[in-house]
Amino acid sequence: MKSVKVIVRKNEERILPIVWADGENQELTIEAELVGVGASLSILGIVLGEGHEQFKLNTNIYHKAPKTKSRVHIRGVLHDHATFENVGLIHIRKGAKHADGFFTAKVLLFDDAKGRSVPSLEIDENEVRAGHAATTGQVDENILFYLQSRGLDRKEAEKLIVTGFFEPIIRELPADLRFKI
């Protein structure tokens, strides 16, 4: 198991990009603390699995100061028998007034792949904004059929769908990181 600890201080803005494409029974835990007023953290994750790869991602975000902001955006695409388990927590502690946290995870499945996302919120303060969303599902065969009827073979159609699926995450990355992925 790998673990990453992030501390975000007063008025600091951090972006933590994750590109994960080798999941041979791997687990990653991210512990993040927003400890200063105005601290901001974005975790942008892309997971791509195939074969019998297994991924497990745990994100724990702790808002410990007022006016903090966190965004977790995870997108996964799985083929064959790959699996992805994604557990996310946003905890807004007492004293973190006007904190703003949001967790979202979307997983796209092909073949017999399996995906599971479990977002959760723990709110110990009033006057905050917090939310979460998670979706897991297979590609609509009608969309694949439509793209194939326009001249693409199945692999090209799937690649186009996957590219479009990851595009919102890539767009959020700083420009200097977009070309490295």
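Tell me, which helices (runs of 4 or more DSSP H) wholly within region 140-181 include 3 or more residues that are open to solvent by 60 Å² or more (accessible area, probe 1.4 Å) and acidic (Asp, Glu)?
154-172
Collect the residues in region 102-113 that are open to solvent by 10 Å² or more (accessible area, probe 1.4 Å), under 18 Å from the mean Cα position of the chain (by Cα) and not β-branched (Val, Ile, Thr), keeping them in residue-number order.
Hits for region 102-113 are Phe102, Lys106, Leu108, Leu109.
Among residues belonging to region 29-53 that are of a type outside the set (Gly, Ala, Ser) and within 22 Å of Ala175 (Cα to Cα), point out the one that is most open to solvent (accessible area, probe 1.4 Å).
The initial filter retains those residues of region 29-53 that are of a type outside the set (Gly, Ala, Ser), namely 29-31, 33-35, 37, 41, 43-44, 46-48, 50, 52-53.
So of that shortlist, the ones also within 22 Å of Ala175 (Cα to Cα) come out as 41, 43-44, 46-48.
Values: Leu41: 3, Ile43: 0, Leu44: 4, Ile46: 15, Val47: 2, Leu48: 73 Å².
Checking each candidate, the answer is Leu48.
For residues in region 78-101 being under 21 Å from Thr68 (Cβ atoms) and among the charged types (D, E, K, R), which is least open to solvent (accessible area, probe 1.4 Å)?
In this case the residue turns out to be Asp100.
At pLDDT 95 or above and under 12 Å from the mean Cα position of the chain (by Cα) - does that describe any residue in region 90-99?
no
Assuming Ser120 fulfils every condition listed in (1) farther than 30 Å from Glu156 by Cα; (2) crowded, with 19+ Cβ neighbours inside 10 Å apart from one, which condition is it?
(2)
The values are calculated or read from the model by the stated rules, or taken from the named source; none is laboratory data. Small disclaimer: the values here were computed from a predicted structure and weren't measured. Ideal geometry is used to build each Cβ from the backbone, glycine not excepted, and the neighbour counts take in all protein chains shown. Just so you know, the surface numbers come from the protein's heavy atoms only, side chains and all, with ligands and any DNA or RNA stripped out. Shrake-Rupley method; radii C 1.70, N 1.55, O 1.52, S 1.80 Å.
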